[in-house]
1. Within the set of pairs 6 or more residues apart or between chains, which connect a residue that is facing chain A (nearest Cβ under 7 Å) inside the stretch B:125-139 to a residue that is charged (D, E, K, R) and open to solvent by less than 10 Å² (accessible area, probe 1.4 Å) with Cβ atoms less than 9 Å apart?
2. Any residue at all in the stretch A:67-74 that is within 11 Å of chain B (Cβ to nearest Cβ), open to solvent by less than 10 Å² (accessible area, probe 1.4 Å), farther than 18 Å from B:H109 by Cα and not charged (D, E, K, R)?
3. Exactly one of these conditions fails for A:D96: (1) in contact with a Cys (Cβ under 7 Å, 6 or more places away or on another chain); (2) open to solvent by 20 Å² or more (accessible area, probe 1.4 Å); (3) within 9 Å of chain B (Cβ to nearest Cβ). Give me its number.
4. For the stretch A:159-186, what are the residues that are under 20 Å from A:V145 (Cβ atoms), part of a loop (DSSP other than H, G, I, E, B) and not hydrophobic (A, V, I, L, M, F, W, C)?
5. Of these, B:R199, B:R261, which one is open to solvent by 70 Å² or more (accessible area, probe 1.4 Å) and either of a type outside the set (F, W, Y) or at pLDDT below 95 (or both)?
6. Is it true that some residue in the stretch B:239-249 is part of a helix (DSSP H, G or I), within 14 Å of another protein chain (Cβ to nearest Cβ) and in contact (Cβ under 8 Å) with a residue 24 or more places away in the chain?
7. Restricting the search to the stretch A:209-234, which residues are part of a loop (DSSP other than H, G, I, E, B), out of contact with any helix residue (DSSP H, G or I) (no Cβ under 7 Å at 6 or more places or on another chain), open to solvent by less than 50 Å² (accessible area, probe 1.4 Å) and touching a residue at least 24 places away in the same chain (Cβ under 8 Å)?
8. Every residue in the stretch B:85-94 that is open to solvent by less than 10 Å² (accessible area, probe 1.4 Å) and either within 9 Å of another protein chain (Cβ to nearest Cβ) or in a loop (DSSP other than H, G, I, E, B) (or both), please.
Amino acid sequence: MAPDYSPDELMTVEAARRLGNGRICFVGIGLPSAAANLARITNGADTVLIYESGTLETKPDTLPLSIGDGELCETALSTVSVPEMFRYWLQGGRIDVGFLGAAQIDKFGNINTTVIGAYNAPKTRLPGAGGAPEIASACGEVFVVMRQSRRSFVDHIDFITSFGHGDGGDHRQRLGIHTAGPQLIVTDLCVMEPEENTNEFVVTSLHPGVEKEQVSQATGWRLRFADKIATTPPPDEKDLFALRDLHARTARTHGADGTDS
Amino acid sequence: MTRAVPRQSKVKSLSDAIAANIADGDSVSLEGFTHLIPFAASHEIIRQQRKNLTLIRMTPDIIYDQMIGTGCASKLIFSWGGNPGVGSLHRFRDAVENAWPHQLELEEHSHAAMASGYDAGAAGLPFAVLRGYQGNDLVGTHSNIKFINCPFSGESLAAIPAIRPEVTVIHAQRGDKFGNVLIEGIIGVQKQAALAANRVVVTVEEIVDDLKASSNSCILPSWVINAIVEVPGGAKPSYAFGYYPRDNEFYKSWDSIARDRSHFLEWVQDNVLSAPAKNVDVA
């Protein structure tokens with residue numbers, strides 16, 4: 001019998017499975033960091049993790065609370081300066097996958113982490129860009145992992161912090177961006193991938209027990225579904241054990257519940 | 001830029017170092033990427049009630065939340081304004097959303113642009129060039145992001161002015177009395193920020209006779225800095241690799257301290273204004 005699991009656990013496990021093995025991954029803090037580290041632990045030794053604080057090939061035993069935790073540096077192959085990280089490693093085109101979270105995302109994978117409302121009179125001021133804009137443009141492709149709700153999956157984002165597919169189609173190419181951009185969104189309900197030609201995100205896999213209607217309700221745009229929709233495989237025991245163990249180690253270290261990082 | 005005599009002690013008290021190097025209206029960078037954030041120096045700036053500063057920092061962190069909330073800053077140049085791993089910086093948000101304690105002008109960038117801007121400043125170039133900002137709504141929120149064409153290939157590239165702080169303040173693990181500075185661990189952007197500035201103040205965990213620096217760990221020679229101050233624990237609640245870990249609990253508790261204006265002001269009164277500078281005065 002398959003073990004019990006939460007929607008968050010399946011989201012993280014599925015994102016880790018999709019990362020596979022043998023890729024060089026630029027990791028954002030929070031949910032992406034959990035998924036990327038799970039991939040490194042379960043998928044094989046050839047998953048290379050890089051954090052913007054300068055840590056190359058880091059293998060943290062616990063999930064970092066911040067992007068520059070000591071653990072990331074102590075377990076890294078080498079630690080470089082922040083300008084070197086962004087100029088040589090990211091802009092230099094040496095990263096396969098950028099792994100991001102978002103406050104708001106639209107159907108073309110454009111991401112807002114700057115403001116809700118008008119920039120000069122914001123309703124809510126969010127932290128801002130950080131490394132995300134150039135992670136989104138310089139990495140070979142971008143994966144997004146975030147919980148799905150109408151507040152976060154919106155028809156129109158208030159501010160483009162990280163350019164995805166813009167207005168869709170070949171908008172990236174027209175701006176002179178030659179990387180693939182967002183290719184995957186994994187949520188607690190489903191998996192979305194960009195439709196060929198339009199680059200609009202459509203549902204390609206529903207998590208077990210999730211209905212189409214439920215996903216549409218949790219999406220602010222008129223969500224479309226691929227012709228053929230898969231059912232996301234539930235996490236196997238090995239993945240679930242590794243994830244729970246990672247969160248437990250993190251909780252022991254940070255004194256937190258370790259479930260959201 | 002001041003060129004100091006190398007074989008002369010640059011050891012100062014924290015209050016003297018700040019008073020001599022930071023004036024009202026200066027542009028000031030206090031750098032340290034999560035690691036080695038110069039909190040003790042920022043508290044001295046708050047105690048000396050500096051005003052109208054242009055604060056420059058990639059990640060404003062709690063350190064600038066405190067300086068913004070106490071009214072030191074009129075402008076912020078930054079690229080990520082959150083409480084790492086926790087959420088919002090409430091004093092920063094209150095300044096942007098409600099102009100409290102007063103209006104805060106923003107010049108907002110991405111990390112890649114800020115890192116390149118410091119790099120250009122250190123290199124003595126007028127601007128930084130990067131492949132970035134395409135389709136980004138930050139373009140146009142201020143006048144310091146522009147696009148230029150590569151003179152060789154014609155490719156459109158982003159440009160921002162070199163970041164050149166009047167003063168850069170950093171915290172390091174060790175220094176000697178002449179002002180040679182060692183940093184190990186996450187080295188961030190401190191070297192670039194220091195070399196981009198007109199004046200440099202360094203606080204350190206320890207002033208030692210012999211740095212015992214490996215070939216690459218002395219990041220700044222004495223003749224590019226203006227003052228060195230021994231402040232053990234000067235990066236708390238951030239961390240100093242080899243000395244003490246990050247105080248994650250304080251970062252979490254900051255959320256409730258900073259959320260409320262009066263609670264914040266009480267905290268500043270008790271922990272900054274009424275607290276003496278945490279280093280011995282140097283005669």
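1. Within 9 Å, the pairs are B:L130/A:E134; B:R131/A:E134; B:G132/A:E134; B:Y133/A:E134; B:Q134/A:R172; B:G135/A:R172; B:L138/B:E108.
2. Yes; the residues of the stretch A:67-74 include at least one that is within 11 Å of chain B (Cβ to nearest Cβ), open to solvent by less than 10 Å² (accessible area, probe 1.4 Å), farther than 18 Å from B:H109 by Cα and not charged (D, E, K, R).
3. Tallying (1) in contact with a Cys (Cβ under 7 Å, 6 or more places away or on another chain); (2) open to solvent by 20 Å² or more (accessible area, probe 1.4 Å); (3) within 9 Å of chain B (Cβ to nearest Cβ), A:D96 fails exactly one: (3).
4. Across the stretch A:159-186, the qualifying residues are A:T161, A:G164, A:H165, A:T179, A:G181.
5. B:R261
6. Yes, the stretch B:239-249 has at least one match.
7. Hits for the stretch A:209-234 are A:A218, A:T219, A:G220, A:W221.
8. Residues satisfying the conditions are B:L89, B:F92.
The values are calculated or read from the model by the stated rules, or taken from the named source; none is laboratory data. Please read these numbers as outputs of a predicted model, since none were measured by experiment. All Cβ positions, glycine included, derive from the backbone under ideal geometry; neighbour counts span all protein chains shown. Just so you know, the surface numbers come from the protein's heavy atoms only, side chains and all, with ligands and any DNA or RNA stripped out. Shrake-Rupley method; radii C 1.70, N 1.55, O 1.52, S 1.80 Å.
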